[in-house]
Amino acid sequence: MDRRDLETAVAWIRSAGTVTVLTGAGVSAESGVPTFRGSGGLWQGRRVEDVASPEAFAADPHAVWRFYDERRCRLATVQPNPAHEVLARWQDRFRRFTLVTQNVDGLHALARSRDVLELHGNIWRIRCVECGREREDRTAPLPELPPRCTACGGLERPGVVWFGEALPEGAARDAWRATETADVFLVAGTSAVVYPAAGLVEVAAARGARIVELNPEASALAHLAGVALRAPAGEALPAIDALLSGVPS
Ligand code: APR
């Protein structure tokens, strides 16, 4: 991690009133959660449209549920890492702080972040495709695949946003608002290739926010970042936090 870039990022964040953060799978990588497109990623050797689309679910709900039940079992064993913990602490540090995530793993909330805007839903929520009833269920593995709605007996689906589906209206609206007014926009652990979420980085740039990218590799929108810290988020965020708190590092 370049020292000057780190100090620039700290200076920008320290003087910011409004900070908005967009996280992706990379932020959970150090908790042992595979990313999607990195080496060993979830989409390696698997066609996304076979497991993460309404069409795939309509064709074979059992196969789709096997994929999500495996992910839930794995996620049930992991804990937040220092990246999640620092972001949770920051919610009380700034006049306005907004945490937007593409992650469905619930690790930000587990680290005690409040009001996380989950653009792609949450893997621990389950929704009935008939009556629309939604519930939180952390059982892993699920006793029955596919699960059935206890209210109407209808088929239930994972509470995540699949390719081709709209983002949750409220979360999307609040995320765009928080991006349009951000002094500093932090992009952590995302390849920034999936829209509309990646569009937030472009909105931030268009609004003149100072963009800081945290990622060992350049994302697809790295050219919009004023500063990039090429390090794992679990190292970069504690380093920034330490300097913000005046702890020599
Ligand atoms: N710290 C920070 N970044 C990391 C780390 C780490 N420890 N490890 C990997 N990364 C970076 C990678 O370099 C990569 O740029 O995280 C990024 C992960 O990219 P993707 O796997 O594409 O994940 P993400 O950007 O979150 O995917 C977006 O795509 O598949 C859909 O709905 C799914 O929400 C997901 C969306």
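Before moving on, here are some points about what is shown:
- Qualifying positions in segment 45-63 - within 14 Å of the ligand (Cβ to nearest atom), assigned to a helix (DSSP H, G or I) and open to solvent by 70 Å² or more (accessible area, probe 1.4 Å): 49, 50
- Checking residue 156 against (1) within 20 Å of the chain's Cα centre (by Cα); (2) buried (at least 19 other Cβ atoms within 10 Å of the Cβ), the condition it does not meet: (1)
To keep it simple, each residue is scored yes or no on (1) in a helix (DSSP H, G or I); (2) out of contact with any strand residue (DSSP E or B) (no Cβ under 9 Å at 6 or more places or on another chain); (3) open to solvent by less than 30 Å² (accessible area, probe 1.4 Å).
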site	(1), (2), (3)
65	yes, no, yes
70	yes, yes, no
73	yes, yes, no
84	yes, no, yes
97	no, no, no
104	no, no, yes
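- Filtered residue count, segment 202-249, keeping only those that are within 18 Å of residue 15 (Cα to Cα) and within 10 Å of the ligand (Cβ to nearest atom): 2
The values are calculated or read from the model by the stated rules, or taken from the named source; none is laboratory data. A quick note: this is a predicted structure, and the numbers were derived from the prediction, not measured. Don't worry about glycine lacking a Cβ; one is built from the backbone with ideal geometry, like all the others, and counts go over all protein chains shown. Heavy atoms of the whole protein, side chains included, go into the accessibility calculation; ligands, DNA and RNA do not. Shrake-Rupley method; radii C 1.70, N 1.55, O 1.52, S 1.80 Å.
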